[in-house]
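One structure is given below, encoded as structure tokens.
The values are calculated or read from the model by the stated rules, or taken from the named source; none is laboratory data. Predicted, not measured: the structure shown is a model, and the values here were computed from it. No Cβ is skipped: glycine too gets one built from the backbone with ideal geometry, and neighbour counts run over all protein chains shown.
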Amino acid sequence: MDANYTKIALTPKETEVLKWVMLGKTDGEIAVILGITKYTVDSHIRNIYKKYNVYNRVTAVVAALRHGTLELFGQY
């Protein structure tokens, strides 16, 4: 975590979705992995964008890494 950033609280499901985004999965692939609909995945991603004040998947992952929500070399 970057010392200048505070951790932003994501729900466990948002964190799980973002982990799969970081690994390069599409919404459809994430939906199958998690057993939810593609629309639910999209909803989680839109919530993540709002919480981090970002507008795309790459900046969401970068923000999560900076805020300590995700780890680059975590066990996935």
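Data table
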quantity: Residues (acidic (D, E) and at pLDDT below 95) located in segment 37-76; calculated: E71
quantity: Residue within segment 25-35 that is surrounded by 15 or more Cβ atoms within 10 Å (Cβ to Cβ), touching an Asp or Glu at 6+ places or on another chain (Cβ under 8 Å) and closer than 18 Å to A63 by Cβ present; calculated: no
quantity: Residue tally, condition assigned to a helix (DSSP H, G or I), exposed (fewer than 13 other Cβ atoms within 10 Å of the Cβ) and more than 11 Å from the chain's Cα centre (by Cα), over segment 36-62; calculated: 2
quantity: Counted residues, segment 9-29 - those being part of a helix (DSSP H, G or I), under 19 Å from L72 (Cα atoms) and of a type outside the set (D, E, K, R); calculated: 7
quantity: Subset of segment 35-55 [within 19 Å of T69 (Cα to Cα) and of a type in the set (A, V, I, L, M, F, W, C)]; calculated: V41, I45, I48, V54
quantity: Residue in segment 63-76 that is surrounded by the most Cβ atoms within 10 Å (Cβ to Cβ), counting only those that are outside any loop (DSSP other than H, G, I, E, B) and out of contact with any Lys or Arg (no Cβ under 6 Å at 6 or more places or on another chain); calculated: A64
